1. Once you have the Cα-Cα distance between V157 and T111, take 0.36 nm times their residue separation minus that, and quote the gain in nm to one decimal.
2. Tell me, what % of the accessible area of the range 76-196 is carbon and sulfur with a 1.4 angstrom probe?
3. What is the sum of charges, Lys and Arg at +1 and Asp and Glu at -1, for the other residues whose Cβ falls under 10 Å from the Cβ of G105?
4. Of (i) -0.53, -0.69, -0.98, -1.13; (ii) -0.32, -0.48, -0.88, -1.15; (iii) -0.62, -0.69, -1.01, -1.17, which one was derived for log10 I(q)/I(0) by the Debye sum over Cα atoms at q = 0.10, 0.12, 0.16, 0.18 Å⁻¹ from the structure shown?
5. Excluding ligands, DNA and RNA, what is the solvent-accessible area per residue of the range 1-135 at a probe of 1.4 Å, expressed in Å²?
6. Sorted by accessible area (1.4 Å probe), largest first, how do K69, K128 line up?
7. Using the crude model of +1 on Lys and Arg Cβ and -1 on Asp and Glu Cβ, and no other charge, please compute the dipole size for the range 73-188 relative to its Cα centre, in debye to 20.
8. By the scheme Lys and Arg +1, Asp and Glu -1, what is the net charge of all other residues having a beta-carbon under 13 Å from that of I52?
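The values are calculated or read from the model by the stated rules, or taken from the named source; none is laboratory data. Quantities reported herein were computed from a predicted structural model and do not represent experimental measurements. FYI the Cβ positions are ideal-geometry reconstructions off the backbone, even for glycines, and counts take in every protein chain you see. The protein model used for the area step is the full one, side chains on, heavy atoms only, and it has no ligands, DNA or RNA in it. Shrake-Rupley method; radii C 1.70, N 1.55, O 1.52, S 1.80 Å.
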Amino acid sequence: ENHANPIITNNIIQQNTAGTEGGGIRCNNHSSPLIQQNYIVENTVTGNGGGILCLDNSSPAIIGNLLAKNLAQNGYGGGIGLQNSSAATISNNTLDRNSALYGGGVYIDATSSASVTNTIITNTPSGKGIRADWLNPLVIYYCDVWNNLDEDYYGCVPGTGSISINPLFCDTGSTDYSLWISSPCLGSGQNGSNIG
């Protein structure tokens, strides 16, 4: 926090518990972290941001991470939460089975913004797949948003290249979220990249 710019990459962040904010990672007060290629799984918070929470003008780049089975028990953003004028780049992530009251996969409050591309958001058991409390709908590009309870999108719409279909993970039981050879996400991302 406090204008920090860390590089957080290639870590396992698993089975942590926090009180009110940020079960796995919490960014605060004009921080601009690079959060890349991490395994962020089974973290729990009683409040907001089960996997990652960004607050107070933070501007993270969240790229190429797996966020699975994270829980914001009584709050916002099971996988990723953005609040209080934060702005994030969210690309090439896989979010599966994250849960919250609001925004089970991703939550973006009315003061925050995000660019969401090449990202998979699936199997959210509560809180909707992605929720944006904006006056103008957030547009999601080249994403696979599928099978999220309540609904896939709230306050946002699928844009160019977005699909809603089973991504065909190899073996979620053993937490292998690589894409099966016949996955519809292979080569379907922006400029022919993979989604997820």
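1. Full-extension gain reported as 14.8 nm.
2. 51
3. +1
4. (ii)
5. For the range 1-135, the solvent-accessible area averages 35 Å² per residue.
6. The ordering from most to least exposed comes out as K69, K128.
7. My answer is approximately 120 debye.
8. Neighbourhood net charge equals 0.
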